[in-house]
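No lab work stands behind these numbers, since they all come straight from the coordinates. Remember, predicted model here, so these are calculated numbers, not experimental data. Heads up, the Cβs are rebuilt from the backbone with ideal geometry, glycines too, and the neighbour counts pull from every protein chain shown.
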Amino acid sequence: MSGRTRAGACPERTCVGCRERAAKGELLRIVAVEGACVPDRRGTLPGRGAYVHPRAVCLDLAVRRRAFPRAFRGPGPLDTTALRRHIEQSAQAERATP
Ligand SMILES: [Zn+2]
């Protein structure tokens, strides 16, 4: 056994909201498309991505600290309306499933 850890087996990312590290699969990838934050569920959209827990609290934190414009190196605020709706809907769907 060498000193190597399981590098690459479980990639971690930092949530731009609460700043906690989590497995990539637990976080929602966000990309900026035409001035709006767009959820990238499959992780296939091109461009710079930011990662956030799919929770309203983390989205609020990210918005408050302007994490998205910083992450995307954008000039100004980004529209998070569609992203918020997406997160709220997935939270409801999670609650609905037994
Ligand atoms: Zn978070």
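Just a few scattered comments:
- For segment 1-84, the relative contact order is 29 percent, taking Cα pairs closer than 8 Å that sit 6 or more residues apart in sequence and dividing their mean separation by the residue count.
- Per DSSP, loop trypsin sites (Lys or Arg not before Pro) in segment 2-80 with at most 12 further Cβ within 10 Å: R4, R6, R19, R41, R42, R48, R65, R73
- Restricting the GluC sites (Glu not before Pro) of segment 23-98 to loop positions (DSSP other than H, G, I, E, B) with no more than 15 neighbouring Cβ atoms within 10 Å leaves E34.
- Distant-in-sequence amide contacts of H53, defined by a placed amide H-H separation under 5 Å and a gap of 5 or more residues or a different chain, comprise V16, G17, C18, L28.
- Phi-based couplings in Hz for segment 65-79 (Karplus 6.51, -1.76, 1.60; Gly and Pro marked x): 8, 6, 5, 6, x, 5, 5, 8, 6, x, x, x, x, 10, 6
- Gained length - A91 relative to E34, 0.36 nm times residue gap less alpha-carbon distance: 18.0 nm
- Rounded FRET efficiency, nearest 0.05, which uses the C-beta distance separating R21 from A82 and R0 of 22 Å: 0.25
- Signed unit charges on C-beta, dipole axis of the chain, positive-most listed residue L78, L28, P11: P11
- A crude spin-label estimate for the pair T14 and R70, with each label 7 Å from Cα along the Cβ direction, gives 0.9 nm.
- Angle of helix 81-96 to the longest C-alpha principal axis of the chain, folded into 0 to 90 degrees and rounded to 10: 60°.
- Cα gyration tensor category, rounded, prolate or oblate, for the chain with a/c compared to 1.5: oblate
- Couplings for segment 13-23, taken from phi via the Karplus curve 6.51 cos²θ - 1.76 cosθ + 1.60 with θ = phi - 60°, read 9, 9, 5, 6, x, 8, 6, 8, 7, 8, 4 Hz in order; Gly and Pro are left as x.
- Segment 13-96, dipole about Cα centre (Lys/Arg Cβ +1, Asp/Glu Cβ -1), debye to the nearest 20: 300 debye
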